[in-house]
Structures are given as structure tokens and as C-alpha cells.
Amino acid sequence: MNVVVCVKQIPDPADPGALDPTTKTLKRDGKLILDESDSYGVEMALQLVTAAGGGEVTLVSMAPNGEVSGLRTALAMGAAKAILVSDDALAGSDALGTAKVLAKAIERVEGADLILTATESSDGYTGTVPEQVAGLLDLPSVTFAKHIEVDGSTVKVQRQTEAGYDDVECPLPAVVSVTAGVVEPRYPSFKGIMAAKSKPVDTLTVADLGLDASQVGWAGAGQEIVSIEEAPAREAGEVIEDDGTAFEKIVAYLDNLKVL
Amino acid sequence: MRFAFTDDQILFRDTVADLLSKECPAEAVRWAWADETGRRRELWSALAEMGVVGLTVPEAHGGLGLGEVDLVPLLTEVGRVAFPGALVETTAVVAPLLAENAPASVAERWLPAIAAGEAVATVQLAGQPFVADAHVADLLVAQHDDRIYAVPGDKLRLTPQPSVDGARRLFSVEFDAADAELVVNGEAGWLAANHAFDRGAGATAAVLVGLAEQMIAMTVDYVVARRQFGVPIGSFQAVKHHLADAELKVSFARPTVWHAAYSLAHGRTVADRDVSLAKCFASDAAEVVARKALQCHGAIGYTTEHDLHFWLKRTWALAASWGDAAWHRRRVAHLLLDA
């Protein structure tokens, strides 16, 4: 069983992020790390390959400046190889532009049975890329998976909903987006880290994928960032004086959040 | 000589720091004080699986076959979280001692088990009255004059002894000669014991640097948050100076610790001097930092309710272990003047 995992390399969330005032996008010129929300997909893929008794995990990523630090982390966890698309023409790509690049890169992986993604990335997101990738590849897609099982040529998914989960099945190959917490990502071992250095990372440009530069980046983006402003300050919480019935308000509040 | 850590060493350090920050928060240290054994085998296994515990075990026995310079950044991370466990004893002292000296039967029995995280080891060298972690150790390596023995943990008779650090328990240990396997003796036994002592002292110095760095971090957080007279107390010069003194001490200790690891790893003849320099600098620095941290916390941390307490106590315990600052300072003087 061969699984492709789409991973994003993002600025370290531990460092305060900054927006570029000219492009109005997040600065991504420093060292990038593996997006934590993608580590769940990598772990899920590794477990599925182990359960199937064979196959390998291939990573697909798009990042500026040929950045591979985040990919090395996922390779150290146990992925076999990676495809990195890095090209100046990709700067400013919108969700669809990103999906086009990822879909083309995924097509280069021979015999992919399953494509896993996170539901969305942590640094800048629309949450639409997984479905766009599935659309471009003309594959069935399941979102918000909290449990995945492969049975022959069918993937069985517990799909997270507000009230619980739905049991969903679809034929392979398919695109499945996994929620955070679907599995506990393993820590890379030192041996894994050392082995990751010699694992192949195929670095490609837009032209290598057969895409036209006008379809991606700022040129191909169907969106424009008109202005950016500071997030509003957090509002003060609501204070309820307890007259003996405050618990009812708390229950109603929690019920409204659907956490009860 | 390139005096900087390699990319791999830095990556190993960051990987361990990530694991420890998630799996060994301050609550885990607090728990270790209260729990019957104070040791969680899963945490040890996670470190072993990563390759930390078997770092110094030869590759032929399932380890990574790496040395002191690779280990030192990891031990600083171990100190930073006040990790409760015998990593100094197992990985810095016992594993290399067995790898270099033990007959094949002893090495084959213990080294693969250490690398796999199945055997925790501890050590008692001559002049060391009590043994840390003997209650959870699967293996004790003990020195009697020129002879070094390996004794299975279940053959030890233990008497608990008071320890300043409730997460680092101490025991006096007895065992029967019939249960002890000889590792090495004679001239080689003395050398092995001396080498083991230097490794333990050097490794403990690295742990102390981590403890000190964390106490400074905790204190900086506190003095920024704690306000008096309408401003954070960290804006007062008197507080700033305490913290600057603390940082200065650690900054001077850190390179001596790295240098000692380098000397040990390369078998330099001055390794004993370099280790003593590191241990006295690190012990002094950590004790000064502990005092400054407690004072800047307005003495919160004097009792167990505040996490700082656990870092203070570990600092006091380790500063006094493997030779205190005064002992090592005398040894530096002796090695320099009598040479």
C-alpha cells in the first residue's frame, strides 16, 4: 500500500510571525518546520503502510527556497521519499494554485493508493485544498477523518461531525483529510534522523510539473489581498453574578457550544 | 578544532527537547516526589526508543556508539526539565564503562538491554556512600578497590537514605559476592573507575547547566509578570542585576562543560582537569542561580507548592554529587601545580 501525504512547511509557531507589508502575506524566509497538523497524516500513513504489510509513504510539499527542514522531520519519522515543488513563480499562490501544484506532484507518484492531507494548515488556510486536489485528480474525497481503516480496495473512515461521527466508505484511490488527534505522532528517533539525510527529495519547478507559470503564484491567483489590519483586541468575558441559578447559565452556555 | 555542535547534534537536542517538554512537564517532576517509585517506565522507554538511553552503547549492541560531545547537549535538556531518572548513571557512566571493560558475557547481557530501555543502571564508585535510583535499577555497577562488579538489581539489599531531592532517591546498598560478576580489576580497574568518575562528574555538570538555564527562564517569566508599585518587578535595577549575575555565571560554566566533554571524548590526558573545572563552574553557577531565582521569586519556591522548589532541590543534590565545587577546585589546583 502506497500512501502520499501532503505536508506543509511553516514558520515555527513558537516565533512570532510577521506579515510582509508589500505582499501582505506571511513572511516565510526563515527556517521552516513541519506543520504539526500534518504530522498526524504522516503518522496515520506510516501506520496504514505497516498494517498493510508493505508499501511506502511519499511526501508532497510546496515551499519557497528549496526548504526541506520540515520534510526531513517527516522523513525521520519514517516516510520513504519526498517531492518538493519550489519555484519563485509560486509566491502568492492561492488555494487553487496550491492544489494544482500538489495534484500535479501527486500524479508523479506511481501506484498511490491513498492521499492524506491535514484538514487545513496552521499558518494560513482556507481549508479547501484537500477537496480541490481531489477534484483536480478526479478522485473521491472524504474530509475530517478521525479514524481510517483500509479494507482491500476500500477505505473506511469515521468522519468527525459536530454531533459525533459518520461511518463513510469510498473506493481507493481517494483523498482523505485527517483531523488533529487522529493518532499520536511518533517522535523521530536518532537513527531515523540520520537515515533521513540520505532519503531522496525530488525538487521540482513549476515547469517540471508541466504547469504554466501564469496558472500559479500571484499571476494565477483568483484573489487579491486588499488590506491587512491588526486583529481586534480580545473582548472581556461575561461576568455573571451568582444568585443561586448561575449554573443554569453555565449549562446553557456550554450547551450552546455543543460541548455537553 | 571546530568548537561547535554539528547539525546532527543540534537536531538530536531539539528532538529530545521536544519530547521532554511534552512528556516531562513540571507536573511529572512533582509526581516523582509523591509516587512510590517516582519513576515512569514509559518515559524511559520513549527516551530509549528515540536513541537517547543507548547513545553511548556500541552499535554492535544495539546503540548508536556516540560519545560525550553528542551526549552533553541532551543532558542539558534533561536538566532543563529536571527529568527524574538515572540517565547520567546509565548512559553517561555505566554503558561506556561496560563497553570498554566488560568481558563479552557481561557486555552481551547488559548493553543491548540498556540500549532497548529494558535495563536501568546505576553506579557506586569508591567514596560514594549512597546510590541514586537503586530501587528501580536493573543493574548496579559497583567499585570495590580495584575491582568493578556488575550486580543484578534484584540481588541488592537496599536501605533508604534521606535525600534532599525527593525525585532522586538514595539508598545504601549491600549485595553478596556470589551475585556479583567481575567487570574488570587490577590497573585497568582503577583506570576504569577514574574514567567513570570523570564521566559522571562531566555529565552532571551538563545537567546542572540545564537546571540553571531553566531556573533563569522561570525567574524571568516571574519578574515580568509580577508587578509592584505599578510596574513589573523585573524593571527594577536590583532585580535585573541579580538576573544578570545569574546569566553571567551560566555563560561562563557552559563552555567549560562542552570542553570537558570534548576532552573526555577524545581521551585527552587533561580530561580529569577539564572535568573538574566544568563541575566546579557548573555547581557554583547553578547554586548561585538557585539562590538568585529564589530571591527574585520573593522566596516563593521555598516550599513544594511552587515548581521552582523541585529545580532548587535537584540543583543542591547534584551540585554536591560527583564531587562538590570545592573538591573539584582542589583537584584542578592539584593537577595544575603538581604536574
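The values are calculated or read from the model by the stated rules, or taken from the named source; none is laboratory data. In this text the structure is predicted, and so the values were computed from the model without any measurement. Don't worry about glycine lacking a Cβ; one is built from the backbone with ideal geometry, like all the others, and counts go over all protein chains shown. Accessible surface is based on the protein model in full, side chains and every heavy atom, while ligands, DNA and RNA are left aside. Shrake-Rupley method; radii C 1.70, N 1.55, O 1.52, S 1.80 Å.
Per-structure values
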| quantity | calculated |
| --- | --- |
| Size of charge dipole - segment A:3-256 - debye, nearest 20, with Cβ of Lys, Arg +1 and Asp, Glu -1, no other charges | 1280 |
| Inter-centroid distance (Cα atoms) of segment B:164-178 relative to segment A:189-260, Å | 51 |
| Considering only segment A:3-256, percent of DSSP beta bridges that pair antiparallel, nearest 5 | 40 |
| Heavy-atom accessible surface of segment B:189-338: percent carbon and sulfur, 1.4 Å | 61 |
| Proximal charge balance of B:Ser163 [Cβ under 10 Å; K/R count +1, D/E count -1] | +2 |
| Solvent-accessible area buried by B and A, counting both chains, probe 1.4 angstrom, square angstrom | 1100 |
| Alpha-carbon spread of segment B:38-139, three principal axes, descending order, Å | 35, 32, 25 |
| Top of B:Thr256, B:Thr219, B:Thr304 by mean-square fluctuation, Gaussian network on chain B, Cα under 10 Å | B:Thr304 |
| Beta bridges per DSSP with both ends in chain B, % antiparallel, nearest 5 | 80 |
| Inter-centroid distance (Cα atoms) of segment B:271-313 relative to segment B:48-113, Å | 26 |
| Charge context of A:Glu43, other residues only, Cβ under 12 angstrom, K/R +1, D/E -1 | -2 |
| Helix-only CD estimate at 222 nm, as mean residue ellipticity for chain B, using -39500 (n - 2.57) per DSSP H run (n ≥ 4) | -18500 deg cm²/dmol |
| Kyte-Doolittle mean at least -1.0 and Cα axial length at least 20 Å: DSSP H helices in chain B | B:7-23, B:187-225, B:237-265, B:271-296 |
| Alpha carbon convex hull of chain B, projected area averaged over orientations, nm² | 17.5 |
| Per residue accessible area in Å² of segment A:3-256, where ligands, DNA and RNA are left out and the probe is 1.4 Å | 53 |
| Whether segment A:116-172 is rounded, prolate or oblate, judged on the alpha carbon gyration tensor where a/c under 1.5 counts as rounded | oblate |
| List of segment B:27-52 residues, accessible area with partners at least 10 Å² below that of the chain alone (1.4 Å probe) | B:Glu49, B:Met50 |
| Given charges at Cβ of Lys, Arg, Asp, Glu: the protein assembly as shown dipole, positive-most of B:Met50, A:Ser86, A:Gln47 | B:Met50 |
| Total formal charge among the other residues, if their Cβ is under 13 angstrom from that of B:Ala326, Lys/Arg +1 and Asp/Glu -1 | +1 |
| Selected from B:Ser321, B:Phe197, B:Ala333, residue furthest toward positive end of dipole (segment B:189-338; charges at beta carbon) | B:Ala333 |
| Peptides ranked, highest mean first, by Cβ atoms within 10 Å: ranges B:71-78, A:86-93 | B:71-78, A:86-93 |
| Per residue convex hull volume, Cα atoms of the protein assembly as shown, in Å³ | 212 |
| Kirkwood hydrodynamic radius (C-alpha pairs) into Stokes-Einstein, chain A, 37 °C and 0.692 mPa s, D in µm²/s | 165 |
| Structure-based [θ]222 nm, chain A - -39500 (n - 2.57) summed over DSSP H runs of at least 4, per residue, nearest 500 | -8000 deg cm²/dmol |
| For A:Ser93, residues with placed amide H under 5 Å, excluding near neighbours | A:Gly217, A:Trp218 |
| Percent carbon-and-sulfur accessible area, segment A:52-110, ignoring ligands, DNA and RNA, probe 1.4 Å | 46 |
| Whole-number accessible area per residue in Å² for chain B, which is evaluated in the context of all protein chains at 1.4 Å | 43 |
| Within the protein assembly as shown, percent of DSSP bridges classed antiparallel, to nearest 5 | 55 |
| Span-rule helices in chain A, defined as complete DSSP H runs reaching 24 Å or more along the axis (Cα) with Kyte mean at least 0.0 | A:36-52 |
